Each structure stands twice: as C-alpha cells, then as structure tokens.
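Data first, discussion second: the structure below is written as structure tokens.
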Amino acid sequence: MQILVQKFGGTSVQTKENRNYVIRHIKEALINDYKLVVVVSALGRKPDPYATDTLLDLVGFPANHNSAQELDLLMSCGETIASVVLSNELQRHHISATALTGAQAGFVTNNDFTQAKIKKVNPKRILEEFEQNDVVVVAGFQGQTETGEVTTIGRGGSDTSAAALGAALQADEIQIFTDVNGIMTADPRVVKGARPLDVVTYTEICNLAYQGAKVVHPRAVEIAMQAKIPMRVRSTYSNGQGTLVTASRIQELGSDIPDRLITGIAHMDRITQIRVQTKEEAIRLHSEVFKAMAESGISVDFINISPNGVLYTVPEVFTKKAVRVLQTLGFQPEITENCAKVSAVGAGMTGVPGVASKIVQALTNRNVQILQSADSHTTIWVLIHEKDLATAVNALHDAFELSRTKETV
C-alpha cells in the first residue's frame, strides 16, 4: 500500500474556494494510487469564527480562569471542525473519506496540557479505515493522554502531527502545503529577490525554522529526519513541486553543489539584549542568572559568557519580567531593546574559511552595527538593531548571490 501524508494549514481550509485547491491536490494523489492521510489545522485565522485564537477569545485568554486542561478542550475544537468539513466536501466529490480526531488517529501524549509531547502514535484505526476509504482526514494539533484526557501539542502542532503520522505509517512522503511555493532563500516580504529552493537538507530547514523561517515547524522536520521519510513543502495554490527536504542534496541532485555555501537567510525580530556584569565572584553570577531565567519560564538565546559577566537575549515580551528577576537578585542589567537576529544557514559552509568574514564585510558596507555574533557548523548568527533588519537581510542575500535563478552544479 502506497501512503502519502498531506498537511493543510488554516488558510488552505479557510474557505470553500481554498478547499477546492486542497481537493485538487488530493485527487492528484489518488490518481497516482495513493492512500491519503490528510492532516488539517483549524479553519482560518483570527477573527474567523473557528480559528484557535478566536476560540481562546471566547474565554478571555490569557486573562482567563480556565485550567490548561480546559483550554485544550476548547482549542481542539477548531481542528475537529475542519476535519469534518473537509471530509464532507470530499464525499460530495465522490471521494471515499472519513474524519478522525487526533485521539482516534492514535496519538498518545503526556499530560503537559497546551504543550503536550507525543509519546507514541498507533495507526491501527487509520489502517482499518483504509479498507473502506481512500482518504482519512485527521484533526492536527491534538491527541489524548493514556487516561483519555484531550491534549494539544503546541503551536505548529499540525505539522508535527503530519510528520508523526508519516513516521508511524512509514509513508512514501510527507507533504506540507502552505501559502508559498516551497522554502525560500529569505522572507519574500523582506527580500524581493528571494526565490524557492528545489532541495534542502533536514538540518538546513531545521536551522532556518528555528531561526525564524515560519514555513514548517522544526519539530516536524526532526521527526521526518529520524524516520528517514522525505518531506516536501508545497503551495496549496499551484501545481509546483515546491521544496524537497531530504538527507542529502548530493543524493537527490546527483552531484555536489560546491558553491552553495549559504542556503538561506532567516531572521527574528522583537528581541532584547541583556548584559549582566559583576565585580564579585563571576561563577555565582553565571549560575544564578540562568537558573533564575529558567525558573521564571524565560527562554534565553545568544548566550556569551565572560569571566566577569554574561550577555544573552530574550524575546521582547519577557524584557520587563527578566529585568525584575535580575534586580531581585541584586544585579543591575544593561538593556538594549529593539534588536533582531539574522542567521545565515547552509550545510556548505562547514569547514570553509571566510564565510564569517564575508558576512561582517557585507554588513559593514551597509553600515549595519553588529551587537553580538555566534556560529555553528551550519549557521552564523548576528544580532543587530531592529531598524537595520531589512538592510541586513538584503545585504547577506546579495553577498551570497541567493537570487540566482539557477544553481551551479
């Protein structure tokens, strides 16, 4: 049995017109003799009536009095509605289909409500449904605990649901349908010359996603990578094949790409840089600062540790809380608000000298001040002032010639 997993986001299933595009992709797969698992998100986005954020508004979130357990009951409704709506329309098109909740589809999670982790997926019910139906529409983003409590698995959860089902069913491919025609070399809203990529590695797209590219959730990519199942990111509104995410560009293209040092440029804004220094014993500062951030639920990034202090970043929304926590400990932090993080990602940079120098030169030529930097084997990050974000992203995109319409092989 050939199995294909397709995931469609909220805007793809938002209107009847959009769902017609979804149905075309499903019909195309059925013509090629696939059995389909179709994972869906909630219909549309706020203020659409069944979007997740709209449902949360019904209880005044985040100033609500509901438990996290009750919030999961509420939030799971959006995807359940979407699955039934799409299944109904498929049947109108004479396609044998049925809808399942995440629990019915076999998702078992822990009881960390609103951020549950998938413990296992038992696809038995889906395989049974394939005896009578060609398409099983599954509500993404949700599952249940071993005691039967409804859970949701966090933002981006429908991508993760699709990947987990693909792994459990050993599907031929996992297809993530979005509003854009694949993974781009940069955000097209920032870089007019951004173009779609034909092939990227799992590692590259994970890094791009973690650094701000919002096309696919990084956890979904990690699951596909562990299961060694190809993933494809496509546009709902075109017949293009989008971007193939796989283990090796060499394997798929039949040759190496020696000059593709950088695959793409990602960015994140609304970041605050925090510097904490002391003339006292620095070891105490190092341990107390990060312990306090963790206990306060504040995620830290871009960490630099020196003998007399620490330098790190937090999301803008946690700035006041972080400062308050640090002052309680007796520290007087220096704050630089309105920062942005720009990341150059590429498997081709590993072991190649001069990449960091090229980044620094490109930003210097555009008068962009670098506040902080860090690197790994496949990613180089720089922290800059947010006002320079568009300039910086375009400068790096130009420096590595990412607008070329055809890769040199």
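The values are calculated or read from the model by the stated rules, or taken from the named source; none is laboratory data. This is a predicted model, so every value here is computed, not measured. Glycine also receives a Cβ, built like all others from the backbone with ideal geometry; neighbour counts cover every protein chain displayed. For accessibility, only protein heavy atoms count, side chains too; no ligands or nucleic acids. Shrake-Rupley method; radii C 1.70, N 1.55, O 1.52, S 1.80 Å.
If a spin label sat at a point 7 angstrom from the Cα of residue 114 along the line to its beta carbon, the backbone N atoms of segment 300-328 nearer than 17 Å would be those of 317-318.
Enclosing the Cα atoms of segment 138-264 in their convex hull gives a volume equal to 123 cubic angstrom per residue.
Binning the C-alpha pair distances of segment 260-302 at 5 Å intervals from 0 yields a P(r) profile of 5, 14, 21, 19, 14, 9, 8, 8, 3, 0 %, listed from the shortest bin outward. Describe numerically, in nm with one decimal, the distance between label points set 7 Å from Cα along Cα→Cβ at residue 247 and at residue 361. So the two model labels end up 3.7 nm from each other. Restricting the GluC sites (Glu not before Pro) of segment 53-132 to loop positions (DSSP other than H, G, I, E, B) with no more than 13 neighbouring Cβ atoms within 10 Å leaves 131. When you restrict to C-alpha pairs under 8 Å that are six or more residues apart and normalise by the size of the chain, the relative contact order lands at 13 percent. Of the accessible area of the chain, computed with a 1.4 Å probe over protein heavy atoms only, carbon and sulfur atoms account for 49 percent. Considering only 37, 22, 310, the mean-square fluctuation computed in a Gaussian network model of the chain, springs between alpha carbons under 10 angstrom, is largest for 310. Dimensions of segment 1-102 based on its C-alpha atoms, expressed as ranges along the principal axes with the largest first, amount to 49, 28, 18 Å. Compactness of segment 114-211, taken as the C-alpha radius of gyration over 2.2 N^0.38 Å, stands at 1.32. Of the residues 143, 297, 212, the one that moves most in a GNM of the chain with alpha-carbon contacts below 10 Å is 297.
Close amide-amide hydrogen proximity is noted between residue 372 and 383, each under 5 Å apart and 5 or more residues distant or on a separate chain (H modeled in the peptide plane; Pro and chain starts excluded).
Helical content alone sets the calculated 222 nm signal of the chain at -10000 deg cm²/dmol, taking -39,500 (n - 2.57) per DSSP H segment of four or more residues and averaging over every residue.
Expressed per residue, the C-alpha convex hull volume of segment 279-369 stands at 149 Å³. Taking 180, 39, 289 as the candidate residues, the one with maximal mean-square fluctuation in a Gaussian network model of the chain, Cα springs under 10 Å, is 289.
Take the Cα radius of gyration of the chain and divide it by 2.2 N^0.38 Å, N being the number of residues; the result is 1.06.
Can you give me the pair-distance distribution of segment 333-409, C-alpha pairs, 5 Å bins, whole percents? In order of increasing distance, the bins hold 3, 14, 26, 24, 17, 9, 4, 1, 1, 0 percent. Classify segment 61-113 as rounded, prolate or oblate, taking a ≥ b ≥ c as the square roots of the eigenvalues of its Cα gyration tensor: rounded when a/c is under 1.5, otherwise prolate if a/b is larger than b/c and oblate if not. The shape class here is oblate.
Solvent-accessible surface of segment 130-193, averaged per residue with a 1.4 angstrom probe and all protein chains in place: 36 square angstrom. The Cα atoms of segment 198-239 give a gyration tensor whose axes a ≥ b ≥ c have a/c of 1.5 or more with a/b no greater than b/c, which makes the shape oblate. Per-residue Karplus couplings for segment 398-404, computed as 6.51 cos²θ - 1.76 cosθ + 1.60 with θ equal to phi - 60°, are listed in order as 5, 4, 9, 6, 7, 7, 4 Hz, Gly and Pro entered as x. One chain, two ends: residue 304 and residue 179. Fully extended at 0.36 nm per residue, the span grows by 41.3 nm beyond their Cα-Cα distance.
The P(r) of segment 144-187 has a tail past 11 Å containing 75 percent of all C-alpha pairs. Per residue, segment 74-115 exposes an accessible area of 40 Å² to a 1.4 Å probe, with every protein chain left in place.
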